[in-house]
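Single-structure report; data block below.
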Amino acid sequence: WWAQRQASAELQASEALYAGIFNHSAESIFLLDVLPDGKLVWETANAAWEEGMGIPAAAIAGKSLLEVLPSEMAASLENRCRACIAGPGPIVYEQTLELRGSTRMWRIILVPIWDTRGRIVKLQGSARDVTEEKRAIAEQLRQTRYRHLLTSIILKIRSSLDIENILATTVLEVQKTLQAERVFFYLPSPDGSGKLVHQEQTPGLSPIAAEEDVEGCWPREDIEKYCCGGAYAITEISQAEFSRPHLEFLHRHEVRSQMTVPVFIRPLAQEIEEEPVILLWGLLCVQQRHQRREWSHWEVDLMKELADQLSIALYQAQLLEQETRQSQELARSNAELEQFAYIASHDLQEPLRTVGSFAQLLERRYQDKLESKALRYIKFIVDGTTRMQTLVNDLLEYSRVGTRGKPFQMTDCNAVLEEAIANLEGTIRKSGATVQGWRYGDSDITGGHYGRPKAVSGLPVVMADSGQLVQLFQNLIGNAIKYSRPDESPLVNVTAQRQEEEWRFRIQDNGIGIDPKHFDRIFQIFQRLHAQDEYSGTGIGLAICQKIIQRHGGRIWVESKPGFGSSFYFTIPDRNISTP
């Protein structure tokens, strides 16, 4: 007895729970009776079903599916019910239904109900409106596709910094992406005219003739309308408020719908300001001819973001064009300057020789006839022409670095340094200098025995102009000896070290040193830190060194402190050449 009473209570509770769910569920729930002859009839439905169908539940009891639902909907539901009865369990399916003038997507679940003998006597159905869910999923898919297409277009645009290629790529990709009938750029001119460029259209559609006169067809007021809001999407051209010439142009080419986005760009010559001026560069137009087109918001967003990216790409392309023109102009200017320096220095040689020769001739022939003041003046002339000849020769040498250089080849820096030291043999003897790591003949340079210098420690093999490297080493070592301290013999150390993809050379001395504030100045042409009576020279030697290193693709700099010597560094690219 107690067990029956408990089971009855549990059954009542279960039925109450089911009734609560049935009556208050937001989903449409209905029950179908499966009669012994297999016929399906309505039993009942909940309030949500009544609201969705517009039919009270009391009016459907005992009726067939066809008596309650439209024929097509009833046939579809009956097929699903038969499949559920024949199958092993519940059936879930989705169906688009038009109910009460609204088309919605429904997810329907059919669950069989068995009696105690295992027969299916009822079918419970529940239907949930998944229209918004499906729309959200579809929108997410569209957004994903939109992002993919946008990324693809941007990558193709950014793969080139050529303006014409960027425009052609953009038009082609937009036409394919939006399946538009015609896409083109309209480029307005400051004088009010303009032109259409880089058209793409569907097969069989003729492009707008390039020679067609579009002047006056795109008035300024219409262009300003296109520029408002970042995108101007028109579903029906006949309803657009454009000027008569522009409407005639659109109708002449049978344009039905159009979307236009402005492309803005900042002028290259504009200085950096708090509020930079942005100018209209052009209009990207997408047209449909044969039927009207509703432009979706994702298509509008695509075009707006594409216009922003296009502005960036065009600005970068203009920067590259400007840089290329400037580089070409600089190269031309440098070539002209080098040619001028060579011609000027070469043509100055002869008059200088003439002046110097006649001054010396006057001194020799009339030495006993001229007073001391006149002889002193002649000496000034001779000294001046000698210094001028030295300046001209150095200027000629400087100009030849870029114009008379030899092709690069594998160069052993040991042999280069041997030749440079051999050229400086007289200077080294006179100063008592020591170049560490080198010797003459069988004795150290300080031992008094002289001959061809021999390498003790090795330097690398590099791709270089050997003649210019000899000049480089000779100038740097010569300077190290020239600017030595009077109380100490010159000591020069030459080393090289491999660093990443280049060789770094160092020429270190124990000389008078250089104030750091003059580090940049010493590499400028004709810049001297000392008077002529202190140290001879024209101040062009380090400028030549810098030009040689620049031609070889390297850098040159100095580290020094007054009174503690100097270390001159320069680099030469390795170019995969191994050390000897």
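Annotations for the structure displayed:
- Tally of residues being within 19 Å of L348 (Cα to Cα), open to solvent by less than 70 Å² (accessible area, probe 1.4 Å) and either in contact with a helix residue (DSSP H, G or I) (Cβ under 7 Å, 6 or more places away or on another chain) or among the β-branched types (V, I, T) (or both) across the stretch 358-385: 3
- Condition met for A335 (open to solvent by 30 Å² or more (accessible area, probe 1.4 Å) and in contact with a Gly (Cβ under 9 Å, 6 or more places away or on another chain)): yes
- Scanning the stretch 454-491 for residues that are within 18 Å of A415 (Cβ to Cβ), among the aliphatic types (A, V, I, L, M) and not in a loop (DSSP other than H, G, I, E, B) gives A455, V461, V462, M463, A464, L469, V470, L472, L476, I477.
- The set of residues from the stretch 554-570 being outside any strand (DSSP E or B) and either modelled with pLDDT under 90 or open to solvent by less than 10 Å² (accessible area, probe 1.4 Å) (or both) comprises K561, P562, G563, F564, G565.
- Hits in the stretch 117-127 (condition: touching a residue at least 24 places away in the same chain (Cβ under 8 Å) and of a type in the set (G, A, S)): G125, S126, A127
- Residue, nearest to R506 (Cα to Cα), within the stretch 427-448, restricted to residues that are open to solvent by less than 50 Å² (accessible area, probe 1.4 Å) and modelled with pLDDT of 80 or more: V435
- If you go through the stretch 96-121 and keep only what is open to solvent by 40 Å² or more (accessible area, probe 1.4 Å), part of a strand (DSSP E or B) and closer than 23 Å to E51 by Cα, you end up with T96, E98, S102, T103, R104, M105, R107, I109, V111.
- Residue in the stretch 458-465 that is out of contact with any Phe, Trp or Tyr (no Cβ under 8 Å at 6 or more places or on another chain) and modelled with pLDDT of 90 or more present: yes
- Among residues of the stretch 472-498, those that are over 41 Å from the mean Cα position of the chain (by Cα), open to solvent by 20 Å² or more (accessible area, probe 1.4 Å) and either modelled with pLDDT of 90 or more or within 23 Å of I556 (Cα to Cα) (or both), counted: 8
- Once the stretch 122-150 is narrowed to residues that are small (G, A, S) and out of contact with any Asp or Glu (no Cβ under 7 Å at 6 or more places or on another chain), the residue that is surrounded by the most Cβ atoms within 10 Å (Cβ to Cβ) is G125.
- S76 meets the stated requirement of being open to solvent by 20 Å² or more (accessible area, probe 1.4 Å) and closer than 17 Å to L123 by Cα.
- The stretch 128-151 residues that are under 15 Å from L97 (Cα atoms), paired with ones that are part of a helix (DSSP H, G or I) and open to solvent by less than 70 Å² (accessible area, probe 1.4 Å) (beta carbon under 9 Å, 6 or more apart): D129/G52
- Sole residue being at pLDDT 85 or above and over 22 Å from I421 (Cβ atoms), chosen from K517, K547: K547
- So I60, is it in contact with a helix residue (DSSP H, G or I) (Cβ under 6 Å, 6 or more places away or on another chain) and open to solvent by less than 50 Å² (accessible area, probe 1.4 Å): yes
The values are calculated or read from the model by the stated rules, or taken from the named source; none is laboratory data. What you are looking at is a predicted structure, and each value in this text was computed from that prediction instead of being measured. Neighbour counts are summed over all protein chains in view; Cβ atoms, including those assigned to glycine, are modelled from backbone coordinates with ideal geometry. Ligands, DNA and RNA are stripped out before the accessible areas are found, and what is left, the full protein with its side chains, is counted by its heavy atoms. Shrake-Rupley method; radii C 1.70, N 1.55, O 1.52, S 1.80 Å.
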